[in-house]
Amino acid sequence: MEKSAIIRTLILAASVVAISLLHYLTPLHLHYLHDIFQRLYYLPIILAAFWFGLRGGLLCSIIVSIVYAPHILFQWGGHPGMEMEKYLEILIYNTVGGVTGVLSQRERERTVELQKSTRGLKESYLKLQQQSEQIIVIEEQLRRAEKLSTLGEMAAVLAHEIRNPLSSIRGTAEILKDDYKPDNPKYEFIEIQIKETERLNRVVEDFLLMAHPKPVDMLSCSIQDELETIISLVANEAREKLITLLLQPQALPLIIQGDGEKLRQAFLNIIINALQATPPGGKVIISTNVSEAEFCEICFKDTGSGITAETLPRIFDPFFTTKQNGTGLGLAITRKIIERHKGILLIESDTANGTTVTIRLPMLKTTN
């Protein structure tokens, strides 16, 4: 802007000097040329008014008047009628500079107001867009809540109708197991029965945990400490699978108010899924960051095969799974834990670049 103003000022100065030289160097008997040069002064005056507003227009007209006045006094001084006409022209110069400057300044102020209105409308549009996105998220949460409400009603019945018989079946199988040696085919069948009973019991427990979650114990919690604990648990599994497991924490500590045990469960579910999806030689990178809205972000990125576009919308549905021995409840429970901490869980994935899971949790506000 400063460079442009300097260039415009030089153009105006050069114009005024050039027109003045034409006046002073042209013989007086060439009246028609002086009339033309006299009118040419309006060009820099009007340009100054358009470029610099009222002050610019008046300043330029005053400079023109000062430069033109000696020409009137010394070269037209012997012609009183002509001299009066020239002085009147000076008055018109200043009038044109003032009026044009006022109009230009008003137009400029109107432009500024329009720009402010445009910015205000743009900000309003962005706010409406954010609100609409929040409404979509809330609607999705309400739909999930409705599903979970139905599951909650079934949970009590399932707890009595399935868990108690499972305990009896397992106890009976363990008693029968003592009657057979390991080389007996029936011993192997009983082993299968016990393992499947345990697996079914885990499914029921996960289902009850999702339908009737235990209340979270909100305390000051360090995200980095929880992540380091989880990584120490899965480090051996990562080494056995030849997968590089990296933690890239934020320089500053990320402290939230939450239940460390529940968060560890959520983080563990995500990391186990990442390790299972990543082939040998791949990477699982866990990074933390602070967003502008005072949220801490935990990103879990793997270099696995990714999730197909058809599967991605269903990954949080209860009992939906693509794993042979999966229950389809891990991610649903994880998302519920994060939401109970007033956080957000997002997943981006494609078959070419792997999967990135992002968790956003509100940071603990401290008072000085």
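Taking 19 Å as the limit for the C-alpha separation, the pairs Lys241/Lys301; Lys241/Lys283; Lys147/Lys323 exceed it in the case of Lys147/Lys323. Mind checking the log10 I(q)/I(0) for the range 238-284 at q = 0.15, 0.24, 0.28 Å⁻¹? Debye, one equal scatterer per Cα, no solvent, two decimals. Taken in order of the listed q values, log10 I(q)/I(0) reads -0.52, -0.92, -1.02.
By the count of neighbouring beta-carbon atoms within 10 Å, fewest first, His34, His29 end up ordered His29, His34.
Residue order for Tyr87, Tyr32, fewest other beta carbons within 10 angstrom first, comes to Tyr32, Tyr87.
Just to be sure I understand: with springs between alpha-carbon atoms less than 10 Å apart, which residue in Thr311, Thr334, Thr355 has the highest mean-square fluctuation in the Gaussian network model of the chain? Maximum fluctuation in the GNM of the chain, among the listed residues, is at Thr311.
Among Leu12, Leu254, Leu242, which one shows the biggest mean-square fluctuation in a GNM of the chain, springs joining Cα atoms closer than 10 Å? Looking only at Leu12, Leu254, Leu242, the biggest GNM fluctuation is shown by Leu12. Fraction of C-alpha pairs exceeding 30 angstrom in the chain: 63 percent, rounded to a whole number.
Shown here are the Rg and Dmax of the Cα trace of the range 2-120, at 16.9, 63 Å.
Stokes-Einstein diffusion for the range 241-349, with the hydrodynamic radius set to the Kirkwood value over Cα pairs and evaluated at 20 °C in a medium of 1.002 mPa s, equals 143 µm²/s. Neighbour counts of C-beta atoms inside 10 Å place Cys299, Cys221, Cys60 in the sequence Cys299, Cys221, Cys60, starting with the fewest. On a 0 to 90° scale, report how tilted helix 223-240 is relative to the longest principal axis of the chain, with both axes built from alpha carbons and the result rounded to the nearest 10. Here the helix axis deviates by roughly 60 degrees.
Of all the options Ile230, Ile138, Ile90, the one that moves most in a Gaussian network model of the chain with Cα springs shorter than 10 angstrom is Ile90. Remark: spin-label model distance Phe320-Ser305 equals 1.9 nm, labels positioned 7 Å along the Cα→Cβ axis.
Where a number appears in this text, it was derived from the coordinates with a stated rule and is not lab data. Computed from a prediction, not measured in an experiment: that's the story for all the values here. Note that we place each Cβ from the backbone using ideal geometry, even for glycine, and neighbour counts take in every protein chain shown.
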